[in-house]
Amino acid sequence: MQHREELHELLVRAGLTVVEDVRPGSLFPPEAGWRIARGIAAPDGATRKALDAMWWRRLADADGGFLVAVLGHRIGGNDSWWTRVRYVGGGVPELTGNFGFVALSLDGQVLLAQVPGADGPRVTALDRLPERLEETAAAAGRETEGERAEVWAAVPGRPAWPLH
């Protein structure tokens, strides 16, 4: 209970109104959003301008509502829930601090995230998320064994021992 209250306090300090905690169920899970963000995040300086008020307006519904999960509070483990919040400010919520977060529009179309990295924060701003996931899955389905082996051969490090 205290952990949830700490999260809610953090969100309120960021300028957000907490509406409710939402179990992912049929929604896109926060952990999946986090993995996408970690995989494609760009360095903070390169895309900070992209993560501006326009992106936050795209993320929010007509009432300013969206889903958010914060690293250390709601990403990973058995506590991977979304928190439904509302932002009615004109600029950018104060979520863009030192902690990581992933935010998803209520319709699942827009994903914004900031992930910590060794070289500083890294940010992600994606629209048309379901469409992009389908395109990626289709491309992976067309990949041949040779192409897959070529990609794995390019991964630095020692080759793995054969399983057989």
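The values are calculated or read from the model by the stated rules, or taken from the named source; none is laboratory data. None of the values given here were measured: they were computed from a predicted structure. Here Cβ is always computed from backbone atoms with ideal geometry, including for glycine, and neighbour counts include all displayed protein chains. Remember, those area values only see protein heavy atoms, side chains included, never the ligands or the DNA or RNA. Shrake-Rupley method; radii C 1.70, N 1.55, O 1.52, S 1.80 Å.
Scan (1) open to solvent by less than 30 Å² (accessible area, probe 1.4 Å); (2) modelled with pLDDT under 85 for the single condition VAL92 breaks and write down its number.
(1)
Please find, within segment 11-31, the residue that is modelled with the lowest pLDDT out of those that are assigned to a helix (DSSP H, G or I) and open to solvent by 30 Å² or more (accessible area, probe 1.4 Å). Steps first, please.
We begin by selecting, within segment 11-31, every residue assigned to a helix (DSSP H, G or I); these are 11-13, 30-31.
Next, only the ones that are open to solvent by 30 Å² or more (accessible area, probe 1.4 Å) stay: 12-13, 31.
Values: VAL12: 91, ARG13: 90, GLU31: 86.
Result: GLU31.
Among the residues that make up segment 76-86, is at least one of them open to solvent by 30 Å² or more (accessible area, probe 1.4 Å), closer than 17 Å to PRO24 by Cβ and aliphatic (A, V, I, L, M)? Spell out the reasoning first.
Keep residues of segment 76-86 that are open to solvent by 30 Å² or more (accessible area, probe 1.4 Å), which gives 77-79, 81, 84, 86.
Among the residues that remain, those that are also closer than 17 Å to PRO24 by Cβ are: 77-79, 81, 84.
Then keep just the ones that are aliphatic (A, V, I, L, M); that gives none.
No, segment 76-86 contains no residue that is open to solvent by 30 Å² or more (accessible area, probe 1.4 Å), closer than 17 Å to PRO24 by Cβ and aliphatic (A, V, I, L, M).
Within segment 95-129, take every residue that is within 16 Å of the chain's Cα centre (by Cα) and open to solvent by 50 Å² or more (accessible area, probe 1.4 Å) and give me the one that is nearest to LEU7 (Cα to Cα). Write out each step before concluding.
Kept after step one, since they are within 16 Å of the chain's Cα centre (by Cα), are these residues of segment 95-129: 95-117, 121-129.
Pick out the ones that are also open to solvent by 50 Å² or more (accessible area, probe 1.4 Å) and you get 98-99, 106-107, 109, 116, 122, 128.
Numbers: ASN98: 15, PHE99: 12, LEU106: 20, ASP107: 23, GLN109: 24, PRO116: 18, ARG122: 21, ARG128: 28 Å.
Looking at the filtered set, the residue picked out is PHE99.
When you check ARG122 against the structure, is it charged (D, E, K, R), at negative phi and touching a Pro at 6+ places or on another chain (Cβ under 7 Å), yes or no?
Values: charged (D, E, K, R): yes; at negative phi: yes; touching a Pro at 6+ places or on another chain (Cβ under 7 Å): yes.
It is true that ARG122 is charged (D, E, K, R), at negative phi and touching a Pro at 6+ places or on another chain (Cβ under 7 Å).
Kindly check whether there is at least one residue in segment 130-138 that is at pLDDT below 80, in contact with a helix residue (DSSP H, G or I) (Cβ under 7 Å, 6 or more places away or on another chain) and open to solvent by less than 70 Å² (accessible area, probe 1.4 Å).
No, segment 130-138 has no match at all.
Would you check if there is a residue in segment 96-108 being among the aliphatic types (A, V, I, L, M) and either modelled with pLDDT under 90 or in contact with a His (Cβ under 8 Å, 6 or more places away or on another chain) (or both)?
Our first condition is that a residue be among the aliphatic types (A, V, I, L, M); within segment 96-108, this holds for 102-104, 106.
The next check asks that each one be either modelled with pLDDT under 90 or in contact with a His (Cβ under 8 Å, 6 or more places away or on another chain) (or both); those that pass are none.
No, every residue in segment 96-108 fails to be among the aliphatic types (A, V, I, L, M) and either modelled with pLDDT under 90 or in contact with a His (Cβ under 8 Å, 6 or more places away or on another chain) (or both).
Right, ALA53: at pLDDT below 85, under 16 Å from ALA125 (Cα atoms), in contact with a Ser or Thr (Cβ under 7 Å, 6 or more places away or on another chain) and among the small types (Gly, Ala, Ser) or not? Steps first, please.
Details: at pLDDT below 85: yes; under 16 Å from ALA125 (Cα atoms): yes; in contact with a Ser or Thr (Cβ under 7 Å, 6 or more places away or on another chain): no; among the small types (Gly, Ala, Ser): yes.
Criteria not met by ALA53.
Please enumerate the residues belonging to segment 56-89 that are at positive phi and at pLDDT 80 or above. Break it down stepwise before answering.
Within segment 56-89, the subset at positive phi is 64, 72, 76-77.
Residues satisfying the conditions are GLY64, GLY72.
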